[in-house]
1. Considering 5, 21, which residue is of a type in the set (D, E, K, R) and over 20 Å from residue 97 (Cβ atoms)?
2. So in segment 8-34, with the set limited to residues that are surrounded by fewer than 20 Cβ atoms within 10 Å (Cβ to Cβ) and of a type in the set (A, V, I, L, M), which one is nearest to residue 54 (Cα to Cα)?
3. Among the residues of segment 94-103, how many are assigned to a loop (DSSP other than H, G, I, E, B) and either buried (at least 17 other Cβ atoms within 10 Å of the Cβ) or among the hydrophobic types (A, V, I, L, M, F, W, C) (or both)?
4. Across segment 77-88, which residue is nearest to residue 102 (Cα to Cα) among those that are surrounded by 12 or more Cβ atoms within 10 Å (Cβ to Cβ) and not aliphatic (A, V, I, L, M)?
5. Can you tell me how many residues in segment 60-103 are without any contact (Cβ under 8 Å) to a residue 24 or more places away in the chain, of a type outside the set (A, V, I, L, M, F, W, C) and farther than 17 Å from residue 33 by Cα?
6. Answer yes or no as to whether residue 6 is touching a residue at least 60 places away in the same chain (Cβ under 8 Å), of a type outside the set (S, T, N, Q) and touching a strand residue (DSSP E or B) at 6+ places or on another chain (Cβ under 9 Å).
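A short reminder: the numbers here are calculations on the coordinates, not readings from a lab. The structure presented is a predicted model; accordingly, all values stated were derived computationally and were not measured. Cβ sites come from the backbone with ideal geometry, for glycine too, and all protein chains shown count toward neighbours.
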Amino acid sequence: MTEAELRERIIEAIKTVYDPEIPVDVYELGLIYKIEIFPVNNVYIQMTLTSPSCPSAGSLPGEVEQKVRTIEGINDVQLELTFDPPYTQDMMSEAARLELGFM
C-alpha cells in the first residue's frame, strides 16, 4: 500500500468519528490539523476540539486514535491534542458548512 493510499484510509477512518453535538464528522469540521505517516506506518495525528471545554473532550481523541489503529498495516498511532491555533468555524469544509446551514 502506498503512502497516499494509507493516508486516504486514515482519512476515511477519521470521517467515521462524529462530534456527538454536531451531525458532521471531525475531519469535515476541521478538527484534524495534521496527519503524518512515518516509516513502518507509524502515524501522527494532531487534532483540536471545538473548544477546550468540549463535553466530548475525553472521548473524541481516543475514538479517532482507535479507528486509525484498526486500519490494516498501521504499526502505531500517536495523537496530540492541541488548542493552538484555536478552532474557528472557518476551519470547516464547505460540505460541513452546508450541512450546518452556514452557507
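1. Result of the check over 5, 21: 5.
2. Here the residue is 22.
3. So the answer is 3.
4. Across segment 77-88, the extreme among qualifying residues is 87.
5. Matching residues across segment 60-103 total 5.
6. So residue 6 passes the test.
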